[in-house]
Amino acid sequence: MTVHLRIWRQAGPDSPGRLAEYTVEDVNEHMSFLELLDVLNEKLITEGEEPIEFDNDCREGICGSCGLMVGGVAHGPQPRTAICQLHMRHFNDGDTIVVEPWRATAFPIIKDLVVDRSAFDRIMAAGGYVSVKTGGAPDANALPVTKEDADLAMDYASCIGCGACVAACPNSSASLFTASKIAHLAMLPQGTPERRRRVLNMVDQMEAEGFGDCSNHAECEAVCPKGISISAIALMRREYVRAVLSS
Amino acid sequence: MSQTGKKLLAVFRSSIGRKLLTGVTGLALVVFLLEHLYSNLLYFSTDPDAYNENAHFLISLDLVYVLELGLLTFFVVHIIVGVSIYLRKRKARPDGYAKYQSAGKPSRQSLSSRTMIVTGLVLLAFLVIHIISFKYGPGIEEGFVVTIDGEPVRDLKRLLEEKFQHPAYAFGYPFVMILLGFHLRHGIWSAFQSLGAMNPRLTPVVYTLGGVLAVLIAVGFLVLPLWIFFST
Amino acid sequence: MEIAEPHVTERPERSRLKARVPAGRLQDKWDVYKNNAKLVNPANKRKHTIIIVGTGLAGASAAATLGGLGYNIKSLCIQDSARRAHSIAAQGGINAAKNYPNDGDTIWRLFYDTIKGGDYRSREGNVYRLAQISNNIIDQAVAQGVPFAREYGGLLDNRSFGGAQVSRTFYARGQTGQQLLLGAYQAMSHQIQEGRVEMLPRREMLELVVIDGRARGIVTRNLVTGELERHVGDAVLLCTGGYGNAYYLSTNAQNSNVTAAWRCHKRGAFFANPCFTQIHPTCIPVSGDYQSKLTLMSESLRNDGRVWVPKDTNDARPPSQIPEGERDYYLERRYPSFGNLVPRDVASRAAKAVTDEGLGVGETNLAVYLDFRDAIERLGRQAIEDRYGNLFEMYERITGDTPYEVPMRIFPAVHYTMGGLWVDYELMTTVPGLFVLGEANFSDHGANRLGASALMQGLADGYFVIPYTLGGYIAGAELGDVTIGHSTFADTERAAGERLRRLLDVKGGKTVAEFHRELGQIMWDHVGMSRNRDGLLQAAEAIRRLRDEYWQNVNVAGRNDTLNKNLEFAGRVGDFLELGEMMALDALHREESCGGHFREEHKTAEGEALRDDDDFAYVAAWEHTGDHARPQLHREDLEFEYVRPSTRSYK
Ligand SMILES: Cc1cc2nc3c(=O)[nH]c(=O)nc-3n(C[C@H](O)[C@H](O)[C@H](O)COP(=O)(O)OP(=O)(O)OC[C@H]3O[C@@H](n4cnc5c(N)ncnc54)[C@H](O)[C@@H]3O)c2cc1C
Ligand code: HEM
Ligand code: FES
């Protein structure tokens, strides 16, 4: 099949950007969307043009490197699928597909479709951990955790940090990202001693990075490749109230 | 400032604090609306004095000023926070997407959720007109008086009937009430989520009930002006 | 064409490498080491800068631990965040000898299984230490909040994995690597917050700086601005992962590479057993030449899936219409006692054997069926969904078929490289001060790695081994004052810049990816699952030619002073083109079959691998001797005091 692409090109952080038009022929339906971009890039290189930059690494939906707005939706039209796992059989011959980078003040564009997501790392560093030095940990079975809690913790912990939640959010809020880590650790006894400091510090950092507030659109849950529920955000708010009241 | 004061201020400055505030004030305003709706619907009571009696009862409460002040605070806080959330959102993404659409379920993004600031601002403008027209509108001195239990009280019912003769009022009000319905379609559910009261099982239920309540409130309010316009 | 016989096939001279395994009983060696290791004064630790390249399980755990101890850490990775290292992709699980299920596991048994699984090509001392440490890793991870799977009683669940006879694998759904890496990344983030770790993402290490015979720094390229940067330190820890991408298609991530290790090799670090590559039997087959990677399907699928091909070469019927009698369940037939659960290398070769006979299925005929029909009949669809639901979903997403109804099509793919930079018991290379951790070293898996043991090794190295061995080095070494102003830094930086410029200046007619694909094809055909002398000779020659062509005809797009992934890849492919030849030479010199290295000339009458312990019970460590010179072979003889090498039999 043939697809037409309108792709955001931007030479650098301060350069103006624009949507450039490309057409790729002989697209195989088994190709992934990123492989389509590979094919296009090969063509561009051969024609002496600069290839389109986009972040990607594992190409199996787990590292969280990839992230594109495809057709106006973060990670494209298939639910619970990172764009690296989206295959061309979900498109039709002759489609025109708009491809844009994540857009948010807190995610400045580096080049073309590549953005700087280091704000996420800083939110994590503000408290997204259990302070435990190496060695001296008690036996792994010393603290039982109910299977339900462990499973729920795993649901929240499955966040891949791709930033789709921010990209899709009409407010560019990082609430789902931040909340999923808070919720993961709040579900487990190991996370309990630091839960108050954690939520206060992480929320502060989220604020400082310039993300928007959450208006409960729940768009984040719809585009999250892991389908993390916005109950995480509700839980974060409870944790926050508890932390403020008790400190 | 006291420790607690500082703490509270910090809460209000944080993004979660802002949501707690919109949630609390939003729900408080909904409670107020329900009260107001009840008062309005007394218009249809078989007792022709019920409406004015109730209005009189309300303004003669000892605590009326406290209540009004509270209500005003809720409004002001709600508005300030709502507007600041909106402004932050603008700052958080100054350049929008060339193409953007919702991914669909389980997203709760809707016309209603996207237009909270618009419906909110219209409600604000409406409120000003509404308060000038009724609260500070003509009263006993201007002849809008009726005697109940031997006491002269303000005849709000007549004022209502006169105002809604006017098509601008009779149709303007319902229009705004539809917008109120939109505000609440997202608002009611959202307030519970803001207060952290949601979990995956509760969310769909509350979302649906919130929608139903929004429609009921909007319809409840808009029947009165239309009824008066068409029945007299 | 007449092909010159490379010199290396001659008997290597008996230069012996010392692994420096402590004396004493196997069970005591690590304790003996720790008892005698020199310590660094706590107040002095912060004066020592340690450069850690890579933030996978090995690098992140090392950064977290050493930062926690008080060292001044500089940590770098290619991706935009430390959390995205390829360890994130590991699905299946991590082994430990906890024996929670009480099914007879012990440290000894984990040690023994690992040595045997590695086909007796690894060091007893190292592997025993790994098994000893395994339990601490689980404790550490749980304390960090890693949400391992649990039973209803609230305790940790275990499963049997990769054909092990005991259930010793801990797992977090199909995302074990992700959860372990996030645990380490979070611990490292804590140290970043404390100011002990400085994290520099989007950096690629291009050169090692060796001053006075010691590793004292690195040169990196800032991948956003293209600037070359110098970093000075008292030791360099290389935690840069595996080099499976030499085959172009593999289960590795796009950015996985050999560059850092290869540049260290060229600066004096020996490269050990480069030909030991693991080819994983259950991956989704190639569907076209646009293919950029292969996706692993967890090997746990073989617990319930049955592998088969049609008996008839021309059987084009859809699988459901092929009657039972016309199917060949070849693993069950050839290996009655292990059946579908034979180790990876055995399963992969068997798949290759049947497809070579023309029995393969699917569009390309390069696939075999993995069928869940019987398991679904026996256990019900729900049970299968509970076990493999997310894997089935992933398969369906990629192929468009649903494994509940149509058997999966699978084929082997390059997955893991047992080879890597040679390190001694302390994880130090032949360059003092250069340590290598995780998949990047050659250490613990011999000629074949067992499932769920790479995560274990990476974390063992980072959390529990390096804190002791690095301390020993730092406390014992005379480390002079060196700054980035040192002339060696300038020279090394110049060399790195030169190479980038050369790549950009070729402006030839073939893209980097075309070269990479060609290299991959050569490697897969001749240095893959089954190797023979002629093929290896041909491969070495073909790679040499391809490399020459590369430097004359590659077309690298864009500029050096911006983000330019094409340039990054160009550098990496340049290194793969050198490594590939060495892999072929190593495979050529090892005249035996062991683990993942199968030489067609060395097999039993039944076609199984035939080891030669008399002549090849050694680690082959190659020394770089010049860009156009053949590498020099050094041996580290493997002595087995506690286990007796036997023939692996899964019949
Ligand atoms: C799909 C898949 C599934 C697997 N499943 C399992 C499993 O279930 N159980 C198991 O035990 N093992 C499994 N493995 C193997 C295991 O995941 C890896 O061997 C292990 O995670 C490697 O960890 P590492 O820390 O050594 O390297 P990696 O995690 O690969 O990290 C390498 C790091 O080095 C950095 N780096 C590389 N080169 C440079 C450079 N030049 N400059 C700067 N930085 C650089 C990268 O950015 C990255 O941060 C699996 C592997 C794959 C591919
Ligand atoms: C009768 C009057 C009103 C009622 C009952 C009401 C109710 C609500 C409720 C329940 C919410 C949801 C709170 C939450 O998300 O946590 C909300 C949100 C909001 N309201 Fe109102 N509101 C009223 C008036 C106004 C007015 C006058 C404004 C003026 C600007 C306004 C602006 C907003 C905005 C912007 C939001 C969205 C906040 C966000 O994005 O998170 N509202 N309102
Ligand atoms: S490339 Fe790793 S999630 Fe898409």
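The values are calculated or read from the model by the stated rules, or taken from the named source; none is laboratory data. Model, not experiment: these values are computed from the prediction. FYI the Cβ positions are ideal-geometry reconstructions off the backbone, even for glycines, and counts take in every protein chain you see.
Which one of these is crowded, with 22+ Cβ neighbours inside 10 Å, within 25 Å of B:Ile117 (Cβ to Cβ) and either among the small types (Gly, Ala, Ser) or within 16 Å of ligand 3 (Cβ to nearest atom) (or both): B:Ala191, B:Ala197? Exactly one of B:Ala191, B:Ala197 is crowded, with 22+ Cβ neighbours inside 10 Å, within 25 Å of B:Ile117 (Cβ to Cβ) and either among the small types (Gly, Ala, Ser) or within 16 Å of ligand 3 (Cβ to nearest atom) (or both), namely B:Ala191. In segment A:70-87, of all residues being surrounded by fewer than 20 Cβ atoms within 10 Å (Cβ to Cβ) and more than 9 Å from chain B (Cβ to nearest Cβ), the one that is farthest from ligand 1 (Cβ to nearest atom) corresponds to A:Gln78. Residues of segment B:96-111 that are facing another protein chain (nearest Cβ under 8 Å), surrounded by fewer than 15 Cβ atoms within 10 Å (Cβ to Cβ) and not charged (D, E, K, R): B:Gly96, B:Gln101, B:Gly104. Here is a check on your reading of the model: is A:Val241 without any contact (Cβ under 8 Å) to a residue 12 or more places away in the chain, of a type in the set (A, V, I, L, M, F, W, C) and either on the phi < 0 side of the Ramachandran plot or more than 9 Å from every other protein chain (Cβ to nearest Cβ) (or both)? Against the criterion (without any contact (Cβ under 8 Å) to a residue 12 or more places away in the chain, of a type in the set (A, V, I, L, M, F, W, C) and either on the phi < 0 side of the Ramachandran plot or more than 9 Å from every other protein chain (Cβ to nearest Cβ) (or both)), A:Val241 qualifies. The selection criterion, being over 20 Å from A:Ala150 (Cα atoms) and modelled with pLDDT under 95, does not hold for A:Val203.
With the requirement that a residue be within 28 Å of A:Arg122 (Cα to Cα) and within 8 Å of chain A (Cβ to nearest Cβ), what does segment C:147-176 give you? Those that are within 28 Å of A:Arg122 (Cα to Cα) and within 8 Å of chain A (Cβ to nearest Cβ): C:Pro147, C:Phe148, C:Ala172, C:Arg173, C:Gln175.
Can you confirm whether segment B:16-35 contains a residue that is of a type in the set (Ser, Thr, Tyr) and more than 16 Å from ligand 2 (Cβ to nearest atom)? No: zero hits.
Taken over segment A:138-186, the criterion of being over 30 Å from B:Thr115 (Cα atoms) and in contact with a Phe, Trp or Tyr (Cβ under 7 Å, 6 or more places away or on another chain) is satisfied by A:Asn141, A:Lys147, A:His184. None of A:Glu21, A:Glu29, A:Glu42, A:Glu25 is more than 9 Å from every other protein chain (Cβ to nearest Cβ), within 19 Å of C:Ser287 (Cα to Cα) and over 18 Å from the mean Cα position of the chain (by Cα) except A:Glu25.
All conditions but one from (1) in a helix (DSSP H, G or I); (2) within 20 Å of the chain's Cα centre (by Cα) apply to C:Glu518; the one that does not is (2).
The single condition among (1) on the phi < 0 side of the Ramachandran plot; (2) within 16 Å of ligand 1 (Cβ to nearest atom) that C:Gly438 does not meet is (1). Against the test of being more than 27 Å from B:Gly181 (Cα to Cα) and within 19 Å of the chain's Cα centre (by Cα), the options B:Val81, B:Val77, B:Val66, B:Val24 yield a single qualifying residue, B:Val66. Taken over segment A:204-229, the criterion of being within 7 Å of chain B (Cβ to nearest Cβ) and β-branched (Val, Ile, Thr) is satisfied by A:Val223 alone. Restricting attention to segment A:91-144, the residues being within 11 Å of chain C (Cβ to nearest Cβ) and within 30 Å of A:Glu194 (Cα to Cα) number 30. Would you be able to say whether some residue in segment B:5-12 is more than 7 Å from every other protein chain (Cβ to nearest Cβ), within 21 Å of the chain's Cα centre (by Cα) and part of a helix (DSSP H, G or I)? Among the residues of segment B:5-12, not one is more than 7 Å from every other protein chain (Cβ to nearest Cβ), within 21 Å of the chain's Cα centre (by Cα) and part of a helix (DSSP H, G or I), which makes the answer no.
Cβ-Cβ contacts under 6 Å between residues 6 or more apart (or on different chains), taken from a first residue in segment A:122-133 that is part of a helix (DSSP H, G or I) to a second residue that is of a type in the set (Val, Ile, Thr), are listed as A:Ile123/A:Thr178; A:Ala125/C:Ile192. When segment C:214-227 is limited to residues that are more than 13 Å from ligand 1 (Cβ to nearest atom) and in contact with a helix residue (DSSP H, G or I) (Cβ under 9 Å, 6 or more places away or on another chain), the one that is farthest from the other protein chains (Cβ to nearest Cβ) turns out to be C:Arg216. Identification of helices (runs of 4 or more DSSP H) wholly contained in segment C:4-118 with 1 or more residues that are touching a helix residue (DSSP H, G or I) at 6+ places or on another chain (Cβ under 6 Å), modelled with pLDDT of 95 or more and within 28 Å of C:Glu623 (Cβ to Cβ) yields C:29-36, C:57-69, C:107-117. Looking for something touching a Lys or Arg at 6+ places or on another chain (Cβ under 9 Å) and assigned to a strand (DSSP E or B) - is there at least one such residue anywhere in segment C:128-149? Looking for residues that are touching a Lys or Arg at 6+ places or on another chain (Cβ under 9 Å) and assigned to a strand (DSSP E or B), one finds none in segment C:128-149, hence no.
Listed here are the residues, each with its yes/no results for (1) under 16 Å from the mean Cα position of the chain (by Cα); (2) within 16 Å of ligand 3 (Cβ to nearest atom); (3) away from chain A (no Cβ under 14 Å); (4) basic (Lys, Arg).
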residue	(1), (2), (3), (4)
C:His265	no, no, yes, no
C:Thr277	yes, no, yes, no
C:Pro281	yes, no, yes, no
C:Pro285	no, no, no, no
C:Gln291	no, yes, no, no
C:Met297	no, no, no, no
C:Ser300	no, no, yes, no
C:Asn303	no, no, yes, no
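Being surrounded by fewer than 17 Cβ atoms within 10 Å (Cβ to Cβ), among the basic types (Lys, Arg) and either more than 7 Å from chain A (Cβ to nearest Cβ) or more than 16 Å from ligand 3 (Cβ to nearest atom) (or both) narrows it down to one residue among B:Arg93, B:Arg18, B:Arg114, B:Arg88; which is it? None of the other options fit; the residue is B:Arg114.
Suppose we filter A:Arg117, A:Arg103 for residues that are modelled with pLDDT of 95 or more and within 16 Å of ligand 1 (Cβ to nearest atom); which single one remains? On inspection, the qualifying residue turns out to be A:Arg117.
Once segment C:173-227 is narrowed to residues that are small (Gly, Ala, Ser) and within 16 Å of ligand 3 (Cβ to nearest atom), the residue that is surrounded by the fewest Cβ atoms within 10 Å (Cβ to Cβ) is C:Gly174.
A Cβ distance below 9 Å, combined with a sequence gap of six or more or placement on separate chains, defines the contacts here; from segment C:81-92, residues that are more than 7 Å from chain A (Cβ to nearest Cβ) reach residues that are more than 7 Å from ligand 1 (Cβ to nearest atom) and among the basic types (Lys, Arg) in the pairs C:Gln91/C:Arg173; C:Gly92/C:Arg159. In segment C:446-461, the residues that are within 25 Å of C:Phe598 (Cβ to Cβ) form Cβ pairs under 8 Å with partners that are within 16 Å of ligand 3 (Cβ to nearest atom), at six or more places apart or across chains, as follows: C:Ala454/C:Ala90. Which one is farthest from ligand 2 (Cβ to nearest atom) among residues in segment C:228-251 that are surrounded by fewer than 24 Cβ atoms within 10 Å (Cβ to Cβ) and either away from chain A (no Cβ under 14 Å) or closer than 22 Å to C:Leu66 by Cα (or both)? Ranking the qualifying residues of segment C:228-251, first place goes to C:Asp234.
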